[in-house]
Amino acid sequence: MRILLYRGDGVIEPWMREFASIMPQAETVAWKEGEVLAPCDYVILWNPAPALLEQLSLQSQLKAIFLMGAGVDALLKFGEALPQVPLVRLGDAGMGVQMAEYVAHAVLRYFRRFDEYEQQARHGAWHPLPQIAKEDFPIGVMGLGRLGMPVVEAMRHFGFPVLGWSRTPKSIPGVETYAGMEQLEPFLRGTRVLVCLLPLTAETANLLDRHNLGKLQPGAYLINVSRGAIIAEPDLMTLIRSGHIAGATLDVFRHEPLPAPHPFWNEPRISITPHISALTVRPDAVHQIAEKIAALENGQPVGDVVDRTIGY
């Protein structure tokens, strides 16, 4: 069995070592631009070069492509250039807990008004602020999959009212759930803190524009940990400047790294982090992929296969 590993950032050696250790029966190989690719049974990659996909599309023995992360939009943009084999994304692989930690930090920062205390401290001011009642601080989570559910559970642990919205109906004990575009408006109108964990698809691109963000409760907050292109950035700036949105914590952006002249950098009500809300835990990812390859080799089904028709 030959397995190809490739990362667009070139950081491949640690992955090669771990796969060689856990799958000694397999030959693990790397690829560089300009090389002719030998036939492979499986490919494990992230941010592939177009030339690599072109060569892979000509391989008849290729059985599946595994991604080193949960997001698939960067791969699906290649469309028909992708080999017609199963695309398998990571499930949790240690990211769910990280996502819950990140969102919990952001929510509690707003709920306990630490963002306002930070501004006071910069001006030498000492003014205790009234405490917000949790029933007046409902958390709306968009995306109820592998990474969304740990966030829902964390918010419920802290006693916040939780609303959930997804493409298809879901039933979650203790959570008021909504589904589909026809139920998006009541979901948004009931939300004080909107947490976006949606995949980027044709349906979700620019979904959070002025029209939809304007339906949030006055003084709402936005936390985006999915994909930057889901938010219409100029509309968000307009709503923050008007005060309808009191603040935003953003980990993902339409263009990354976020360009230096971008207005987000100079808006004190926007907190920026460099796409670190949930990083792939390599040992967990390697074990998960190895188990799925073993299952495929034994003719067994595997989870997290991408549905190209819906985009995740």
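Take the residues in the range 183-227 that are charged (D, E, K, R) and assigned to a loop (DSSP other than H, G, I, E, B), then tell me which one is farthest from the chain's Cα centre (by Cα). Taking the candidates together, the pick is LYS215. Restricting attention to the range 233-248, the residues being under 23 Å from the mean Cα position of the chain (by Cα) and not hydrophobic (A, V, I, L, M, F, W, C) number 4.
Taken together, the residues in the range 88-98 that are more than 11 Å from ALA285 (Cβ to Cβ) and open to solvent by less than 10 Å² (accessible area, probe 1.4 Å) amount to 2.
The C-beta contact set for the range 278-295 (first residue within 14 Å of MET16 (Cα to Cα), second residue open to solvent by 20 Å² or more (accessible area, probe 1.4 Å), distance under 8 angstrom, 6+ apart or interchain) comprises ARG282/PRO14; ARG282/GLU18; PRO283/GLU18; ALA285/GLY94; VAL286/GLU18; VAL286/ILE22; HIS287/ILE22; ALA290/ILE22. When you scan the range 68-78, do you find a residue that is more than 18 Å from ASP9 (Cα to Cα), surrounded by fewer than 17 Cβ atoms within 10 Å (Cβ to Cβ) and in contact with a helix residue (DSSP H, G or I) (Cβ under 8 Å, 6 or more places away or on another chain), even just one? The answer is yes; a qualifying residue exists.
Yes or no, residue by residue, for (1) under 17 Å from the mean Cα position of the chain (by Cα); (2) over 18 Å from ILE276 (Cα atoms); (3) charged (D, E, K, R); (4) at pLDDT below 95:
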{"residue": "LYS63", "(1), (2), (3), (4)": "no, yes, yes, no"}
{"residue": "ALA74", "(1), (2), (3), (4)": "yes, no, no, yes"}
{"residue": "VAL88", "(1), (2), (3), (4)": "yes, yes, no, no"}
{"residue": "ASP92", "(1), (2), (3), (4)": "yes, no, yes, yes"}
{"residue": "ALA106", "(1), (2), (3), (4)": "yes, no, no, no"}
{"residue": "ARG113", "(1), (2), (3), (4)": "no, yes, yes, no"}
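Residues considered: ILE65, ILE3, ILE44. Of these, the only one that is without any contact (Cβ under 8 Å) to a residue 24 or more places away in the chain, outside any helix (DSSP H, G or I) and either open to solvent by less than 20 Å² (accessible area, probe 1.4 Å) or under 30 Å from LEU250 (Cβ atoms) (or both) is ILE65.
Checking the condition over 22 Å from LEU45 (Cβ atoms), within 18 Å of the chain's Cα centre (by Cα) and not in a loop (DSSP other than H, G, I, E, B), which residue from TYR117, TYR102 passes? Criteria check complete, one pass: TYR102.
Among the residues of the range 154-182, those that are in a helix (DSSP H, G or I) and surrounded by fewer than 16 Cβ atoms within 10 Å (Cβ to Cβ) comprise HIS157, MET181, GLU182. Residues in the range 234-277 that are of a type in the set (A, V, I, L, M, F, W, C), in a loop (DSSP other than H, G, I, E, B) and loosely packed, with under 15 Cβ neighbours inside 10 Å: ALA260, ILE276.
The values are calculated or read from the model by the stated rules, or taken from the named source; none is laboratory data. Not measured: the values here are computed from a predicted model. Positions of Cβ are generated from backbone atoms using ideal geometry, with glycine treated the same way; all protein chains shown enter the neighbour counts. Protein only, heavy atoms only, side chains kept; ligands, DNA and RNA dropped before computing areas. Shrake-Rupley method; radii C 1.70, N 1.55, O 1.52, S 1.80 Å.
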